[in-house]
Structures are given as C-alpha cells and as structure tokens.
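These notes concern the structure reproduced below.
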Amino acid sequence: MSPISRRSVLRGVAGAGTLPLLGLSPAVAAPTGDAPAPSWVGTGPFAYVHDPSTPAGPRYLNDHTLIRARGRWHVFGIVGDSAPRGEAPDSSAEISFAHASAPSPLGPWTAHADALTVDPSYFGEEHLWAPHVIEADGTFWMFYAAGGASGAAVNLATSTDLFTWTRVPSGPLFRGLAARDPMVLRVGDEWVMYYTELSGPGGHHVVAHRRSADLTHWSEPGVAFTDASTDATVSVTESPYVVRRDGWYYLFIGPRGGYEGTDVLASRDPFRFELAGYAGHVAGHAVEVIDDAGTWYASAAGWFRNGLFLAPLQWRDTPVPWQSPDHPVAGLDVHGRLTLFALDAADRSMLRRVQLDPYGDGWSEWEPFGGPAGAVPSLGRDTDGRLEVFSIAPAGTHLNRRVQRPDGGWHDWEGFGGPAGAAPAVARDAAGRLEVFALSPGGASFARRRQRSPGALAWDPWEPGFGPTAGAPPVVAANADGRLEVFALAPGGAGIVHRWQETPGGPWTPAWHPYGTAAGSAPRVAEDGSGRLAVAAIGPSGVGTFTRRQTAPSGGWDAWLPMFGWSAAAPASAANADGRLEAFSLAPGGARLSHRWQLAPGGDWGPEREFGEPGVRLVATPTAVRDPAGRLHVFAVTAAGRIRTRVQERPSGGWLPWTSFGERAVAPLVSHAPAL
C-alpha cells in the first residue's frame, strides 16, 4: 500500500495500545553448510505491459499480485482513477481490485471485471488494499488489507476459479495498528505471512510476520524487520515481498530511495532481516517478484503511472552501481563553453556536445567521448578552467578519469583506482585542489582523494574509510571561506550526516555529525549569491521536499522548511546571474516538473510553478547550469531518450519555450537502478 492517506487506518493509532510484537523463535533452522553468498539484486529496463484504464479515463494500479494458474498469468491489484499530473490520489477511494490475465507475464493482458469490491457490511470495510493470492489444496486464497473505523484489518477471500471470490464468513483474520500489505510464503512445514505494521503509537515502522498451519488461524505477530525512523505518518516498510533462493531469503520493501524505489535485504533467517544485509535496489514501487520457468521478473506499479510494468530481475555477483541523478551532466570547459556529457542509448558509451559560442545558442554535433561507461560521469574544473571527467570503468572494478588539455583537447582515459560504487562527488578546496569522494560498491563506505597541487595530474593516495556505510553517494560543496563540507545519506535513509574541514584546506572533523532526520534519497547542496549553502532533500517516500540553509556564510544552519510537494529526488539548483537560486523538482513518474526561485539572494522562495511540458514524461531530475553570458540552461531527458532544453531569455529573466536538443537518443535509465 502506498504511504500517504491511510487516514482511516491511522485514525485509531493515537488511542491504541502498544502492539504486542513478539520475538518468536524460528520454526525452521537457518541454512547451514556450504550455502553460497547472497546475490546482489538488480533489474534490466522496465517494460509497460498493461494499462488498466477504461473509456471513462486513465486508471493506475498500485499494490498488486501475480499468479500463474491453469496455463495463464493473472494480476490482481489496487485500482483507482489517476490524479492530475504529479499529484497523488486519495487512497481512501481505493475500493476495488482490478483483474487481468495473459499467456505470459509480458502479455498481452486481457482485462476482466473487477475481482472484488468493498463491502461496508463486511465488518466495516472502507477500502481494499494490497491483495496477495496463492493456491493451496485446489483453492485460491486472496489475503488483503481492509478496515476502517474499527481499525486496520487483514481479510481473506477464496475462489476456485480466480473470477468469483467469497469472503470468509468469520471476518478479519486479525487486526492491527496499521496492518496492511500481506504476503504469504511457505517456510518449512508452515505458512508465514509478512505485512507492514507499527510497533506502537508513534513507534517504528516494521515488517511483521505471523504463522499458520491452515491459512486461516494465525499466530501472534513477530518482527522480521524494524525501520530506524519513528515517523508514524510515512511508512517505508510497505509492500513486503520475500523470495527464497539458494539458501537465502530476500526481503523487498519500500518505498525506499524515493516513491519509486524498493530496497532488497538478504538473510539466512526468514524471520530476521537487517540493513546490514542490504543486497540491492529496484527502481519501482510496490515491487513483486515472479519466477516464470526459470526467468525471473520484477513487477512494479504505483500512483504516478498508469498500469503494470515488468523488468527482468538480475541475480548478480556484484552490486549494481549507483547512477547520477543528473543526465546529462554539464560544465564550463577551459574556453568557457558549456559542455554536456551523456550516455548513448545504444551502448551506453559516453557522448559530448559543446556550445560553439559561449554567448550564443549554437552547439556542435554529438561526438563519441569514450566508453562504454559504467555510470553517468561527474565533473570537476581545475583553477585554469580545464574540465576533469570521472566515471566508473565498464566492469565496475575502479574509476576512470579523463582530463582536458589547456588547448581544449583531451588526454586519454586513465585508471583512477578507488572504490567504484558510483561516479565520485567532486569539489575544489580553498587551495584550488580538486578533491573526490567515492562510494564503495553496495555503499559499504566511501573514500577521499586529493590533487597534490592545483591542476596537477598527480594525486595523493586514496584515504579509505573517510565515510561510513551510506545509503547513497555523498555530495560535497565549498563553504564561503573555502572549507569543504560533505553530506551523506545514512543506510536505509534513516538520516543525513555531514563532516567538514575545520580550516580551509585543513583537517576534517574527527566524527560525522547528524544533520537531518529521515530522508528519501541523497541530498543536494548549492551556494546562493549571499555565500550561504542550502541543502535540499526529499522526505521518506518522496512525499515532499525540504530545504535547510546556513544562517550566515560558513555558519550554522536554520531549521528545515518545506520546498516542493511530491518529488522523485532532491531538486536540482543553480544560481542566477544575480545570485538567486532557482530550483527544479521532478514528480515521481516524471509527468510534472516544477520550479521555484529565491526572491532575493539568500532570501525566501517564491511560489511553486509548473515548468515542464504537458504530455512529456521525464526520466530524471533535469540538469541546470549557467552559461558565460549569465543565462541558465535546463536539460532534461524524456522517456523516449531525447534531450529537451529550456533557456532563459536573458540573465536572471524569464524562460524561452522548450526545444529539442538534437535527435541523438541517449540512455534514459539513469536512476539508482534502471528506472521505469
């Protein structure tokens, strides 16, 4: 179930007692012996396979279930009318389950009549959420979340043909504080139900479990996973789904890494999962996993998309690299010209395009820049204006670097060593030396490396262990006094931490310090015209963007303030010629792009306004950069893999219409893992 508008469920939490979540002992022993190490989990690209819309208008699917029976695949799921672009619907209006079937998970899907509709006379049902269907003893069992004034409930309906469903006359299987999103798995000689729950009023979000011998009578709850945050309004333990493979159990939960994100945790024990067992990420909402005769798929849906998506699920020996949230990336080269770098759609090799006139709008054609690259690159600029480009080697074993020459040409690519979990964060310190901060695969830690002198080709050795285990690549910025400051997302999005140089170019604080509460993805940091840094981050699940800025240049920090509504990631920011920051935020699903701007350098923000194009869906937060003439340029990649651009008509002024930025197809899959 999606994380907002569970108002009918959460209404009763304030007056309820603490849920008696029990630490039950496992019914089966954890695998022993020579079981292999857990796999890392990722996906290929998602394909759009089913549209549940009707002639009356577009509809979405949310939490859903897939089952193969009698030679066909069936999908059942929450269904509702799609909301306006970039907005979330009211989940209290979700009162029926859509049903469709197909010969293959990839389709073609045939829509059927809704499988079940809410029945208020049945123990106070007010909504229908998150069906899960299994087959046992010739009967199909549908477990689903319902409830209302009487509290959250997990209900059961059965069928012999998957078309006609009958609720069991005894009523809910059990009630809870926020019990929803049931999923049932056979473990040993019993059935185990996983579901999302609260540990108590205002407590932690958990994945709870119960056990049964007959699918009708269920034990008291135990806890399979506890989230670190205690915010009872937004859950990030939704849609739990557990898969057993090669002696390991894999728990898929979300929304994590934004609304359209699901983390995977591995454990030998099906009743205990921890963040230390992080095993990958799938860029989808309400992810389910199916095995179609040895071919694995991940399915996804959600409020911001019209239907069902499917991607090949990958069981890997190495982690999937994090990708930059920006695509393309842009910076000024040694001649002061805007230069863009993107990944080619055909083979993910790197492409480059250069502004021909620093004060005009003419551009070169796209030209090969090397690769294939393991990730969208990151850029640094030396004191003499030369660009340095950093990316992951194709095999993901190390970083690569390519440096511009003073004449505008380029040295060859060279190995740069270091951990290669993502393209590194790059900044220039007070002495003019570039410093990079590189994440290890899987986020185990991150390291730091610095140029020996400004603009030098030689670098000091890597400093491993500079940063702790992280939930995303770090970001870095220079304070007004030149001191670098690094911000990182804690594992699982439990909070933001930061560390800074104590003096310009000098030593770093010995410890990392808390900077913010739970966040949904990596933060971003920018400097405005007043010399103050401003940090932006999305809340858990992406339900809102918040910003925090320095009280004075190089000083302390104000409180967090709201900035945007639903957001796929922290917004991109760039400073106007007059120093006012302008920020751009993409809604989950990419249908709406919004922007806000400071009314004065370092001042308050104006109202949120529409900035995108109706009918054009984007796949990543756009890139914003200022050219030598002082005009901001915005570059965005569409779902079709084409770049669109919008440019200010004059420095710090209004905006010209969107235009095409060439017909070259660039890779649209640029999120943490391949995006929908």
query: Within segment 351-365, which residues are closer than 20 Å to residue 401 by Cα and touching a Leu at 6+ places or on another chain (Cβ under 6 Å)?
result: 353
statement: Selection from segment 244-263 of residues touching an Asp or Glu at 6+ places or on another chain (Cβ under 8 Å) and among the hydrophobic types (A, V, I, L, M, F, W, C) yields 252, 253
- request: Scan segment 520-533 and give yes if some residue there is crowded, with 23+ Cβ neighbours inside 10 Å, within 27 Å of residue 236 (Cα to Cα), of a type in the set (A, V, I, L, M, F, W, C) and touching a Ser or Thr at 6+ places or on another chain (Cβ under 7 Å), otherwise no.
  value: no
query: Is segment 399-407 home to any residue that is out of contact with any Leu (no Cβ under 8 Å at 6 or more places or on another chain), of a type in the set (Lys, Arg) and either part of a strand (DSSP E or B) or surrounded by 20 or more Cβ atoms within 10 Å (Cβ to Cβ) (or both)?
result: yes
- request: Considering (1) assigned to a loop (DSSP other than H, G, I, E, B); (2) modelled with pLDDT under 95; (3) not acidic (Asp, Glu), say which one residue 343 fails and leave the rest.
  value: (1)
message: Give all pairs with beta carbons closer than 6 Å in which a residue from segment 641-669 that is surrounded by 14 or more Cβ atoms within 10 Å (Cβ to Cβ) meets a residue that is of a type in the set (Lys, Arg) and part of a strand (DSSP E or B); count only pairs at least 6 apart in sequence or on separate chains.
response: 655/646; 658/644; 658/646
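Rundown of residues vs (1) in a strand (DSSP E or B); (2) free of Cβ contacts under 8 Å to residues at least 12 places away in the same chain; (3) more than 24 Å from the chain's Cα centre (by Cα); (4) surrounded by fewer than 23 Cβ atoms within 10 Å (Cβ to Cβ), yes/no style:
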{"position": "312", "(1), (2), (3), (4)": "yes, no, no, yes"}
{"position": "315", "(1), (2), (3), (4)": "yes, no, no, yes"}
{"position": "354", "(1), (2), (3), (4)": "yes, no, yes, yes"}
{"position": "359", "(1), (2), (3), (4)": "no, no, yes, yes"}
{"position": "369", "(1), (2), (3), (4)": "yes, no, yes, yes"}
query: Does any residue of segment 121-128 turn out to be part of a loop (DSSP other than H, G, I, E, B), surrounded by 20 or more Cβ atoms within 10 Å (Cβ to Cβ), within 29 Å of the chain's Cα centre (by Cα) and not β-branched (Val, Ile, Thr)?
result: yes
query: Within segment 597-611, restricting attention to residues that are within 23 Å of residue 522 (Cα to Cα) and not hydrophobic (A, V, I, L, M, F, W, C), which residue is surrounded by the fewest Cβ atoms within 10 Å (Cβ to Cβ)?
result: 608
- request: Scan segment 88-110 and give yes if some residue there is free of Cβ contacts under 8 Å to residues at least 60 places away in the same chain, over 19 Å from residue 61 (Cβ atoms) and in a loop (DSSP other than H, G, I, E, B), otherwise no.
  value: yes
- request: Tell me which of these residue 495 doesn't satisfy, since it passes every other one: (1) under 30 Å from residue 233 (Cα atoms); (2) modelled with pLDDT of 95 or more; (3) of a type outside the set (S, T, N, Q).
  value: (2)
- line: With criteria (1) surrounded by fewer than 20 Cβ atoms within 10 Å (Cβ to Cβ); (2) in contact with a Phe, Trp or Tyr (Cβ under 8 Å, 6 or more places away or on another chain); (3) at pLDDT 95 or above, residue 389 comes up short on (1)
message: Quick test of your reading of the structure: residue 420 fulfils all but one of (1) of a type in the set (A, V, I, L, M, F, W, C); (2) under 21 Å from residue 485 (Cβ atoms); (3) touching a Gly at 6+ places or on another chain (Cβ under 6 Å); (4) part of a loop (DSSP other than H, G, I, E, B). Name the failing condition by number.
response: (2)
query: Which residue out of 567, 585, 594, 573 is of a type in the set (S, T, N, Q), closer than 21 Å to residue 638 by Cβ, crowded, with 21+ Cβ neighbours inside 10 Å and in contact with a Lys or Arg (Cβ under 7 Å, 6 or more places away or on another chain)?
result: 594
- request: Tell me, please, whether a residue that is in contact with a strand residue (DSSP E or B) (Cβ under 8 Å, 6 or more places away or on another chain) and within 18 Å of residue 564 (Cα to Cα) can be found in segment 626-633.
  value: no
- request: State which residue pairs qualify: first residue assigned to a strand (DSSP E or B) and inside segment 464-476, second residue surrounded by fewer than 24 Cβ atoms within 10 Å (Cβ to Cβ) and of a type in the set (Val, Ile, Thr) in any location, beta carbons under 7 Å apart, and separation of 6 or more residues or different chains.
  value: 475/525
- request: Please work out if residue 621 is within 28 Å of the chain's Cα centre (by Cα), crowded, with 21+ Cβ neighbours inside 10 Å, at pLDDT below 95 and among the polar types (S, T, N, Q).
  value: yes
- request: Determine which member of the set 116, 156 is surrounded by 21 or more Cβ atoms within 10 Å (Cβ to Cβ) and assigned to a strand (DSSP E or B).
  value: 116
field: Filter result for the condition that a residue is surrounded by fewer than 22 Cβ atoms within 10 Å (Cβ to Cβ), of a type in the set (Lys, Arg) and modelled with pLDDT of 95 or more, over 68, 85, 11, 7
entry: 68
query: Any idea which residue in segment 190-216 is nearest to the chain's Cα centre (by Cα), counting only those that are at pLDDT below 95 and either of a type in the set (Lys, Arg) or surrounded by fewer than 23 Cβ atoms within 10 Å (Cβ to Cβ) (or both)?
result: 204
message: So in segment 535-564, with the set limited to residues that are assigned to a strand (DSSP E or B) and charged (D, E, K, R), which one is farthest from the chain's Cα centre (by Cα)?
response: 549
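The values are calculated or read from the model by the stated rules, or taken from the named source; none is laboratory data. Worth saying up front: this structure is predicted, and the values here are computed from it rather than measured. When we count neighbours, we look across all protein chains shown, and the Cβ atoms used for this are built from the backbone with ideal geometry, even at glycine.
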